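Here's the structure we're looking at; comments come further down.
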Amino acid sequence: MIALQDLLSNPAIETISITAVIDTALCIGAGGSSGTLADKAIVRTADQKLLIPASQLKGRLRHECEKLARGLGWPICQSPNAQTMCPQRANFPENEARDFEREEYRVPGDERYHCLICQMFGNPALPSRIIVDDLICAEDLDNVPEVLRPGVTINRRRGTAEEKKLYFLETSPANAKLRFEGQIHLQSNFPSYAKALILAGLHHINALGGSKSAGLGWLKWEFQEFSVNEEAWQALLPGGRK
Ligand SMILES: [Zn+2]
């Protein structure tokens, strides 16, 4: 939850407009959502617009940025459990733990160290410095028929379909090229050199939703007015920071 007070005291310093263009049918899980037979439904706004929840997008973005940052040589804690995240990092052996004690991991007013990813996405002890909007589909859905896509669960041991476990996924229509739009807000104290990581992380998300293997939810991204210069990329590389 974001308190209004936090927003006021920590205004967005940069806003990135992003659009996800869904190439195939999209299935976003919302177990137990009312008003539909489907087990998993696309989330809809009160006025029936399709929506990709911010929580899902932010979770995926964090995961992709973690992988990228580790690949670049940054020591990164282990989300999502509080004990293994910064500033606790309970499970790290001593030599690895010392690697977190670096100048870039200092936060104003805090004795403890917070890794690059925690400084971006937050942890139980540090507020997130990025706000991700829900991505909303502007398409008027009166013109788009609702689709229920049947599926079956497979019994892994026997390799057979369990007929009683037929389920339905509510999806958006295939090949409709639905555009989901929203914004990402970087707040003050967001590590400026980490902006490049957000862009790279988004590029690594090429599917959203529950059933990638069923061909649901492949997407591509469009960004507006957001570019990262060579200097910013260099700053992310080990030894490239000033
Ligand atoms: Zn961390």
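Yes or no, residue by residue, for (1) more than 23 Å from the chain's Cα centre (by Cα); (2) at pLDDT below 90; (3) within 10 Å of the ligand (Cβ to nearest atom):
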position: R70; (1), (2), (3): no, no, no
position: P75; (1), (2), (3): no, no, yes
position: P108; (1), (2), (3): yes, yes, no
position: C115; (1), (2), (3): no, no, yes
position: D140; (1), (2), (3): yes, yes, no
position: V144; (1), (2), (3): yes, yes, no
position: G159; (1), (2), (3): yes, yes, no
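Could you check segment 72-141 for strands (runs of 3 or more DSSP E) lying wholly inside it with 3 or more residues that are over 18 Å from P191 (Cα atoms)?
In segment 72-141, the matching strands (runs of 3 or more DSSP E) lie at 135-137.
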For this session: Inspect all residues belonging to segment 180-189 and state whether any of them is polar (S, T, N, Q), outside any loop (DSSP other than H, G, I, E, B) and modelled with pLDDT under 65.
Result: no
Problem set entry | Cβ pairs under 6 Å, 6+ apart, first in segment 73-91 and of a type in the set (S, T, Y), second within 11 Å of the ligand (Cβ to nearest atom) | S79/M85; T84/Q78
Problem set entry | Hits in segment 77-106 - residues which are within 11 Å of the ligand (Cβ to nearest atom) and polar (S, T, N, Q) | Q78, S79, T84, Q88
Exercise. Does G151 satisfy the condition of being surrounded by 13 or more Cβ atoms within 10 Å (Cβ to Cβ) and either over 30 Å from A235 (Cα atoms) or modelled with pLDDT under 75 (or both)?
Worked result: yes
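The values are calculated or read from the model by the stated rules, or taken from the named source; none is laboratory data. Model, not experiment: these values are computed from the prediction. As a convention, Cβ positions derive from the backbone with ideal geometry for all residues, glycine included, and neighbour counts pool all protein chains shown.
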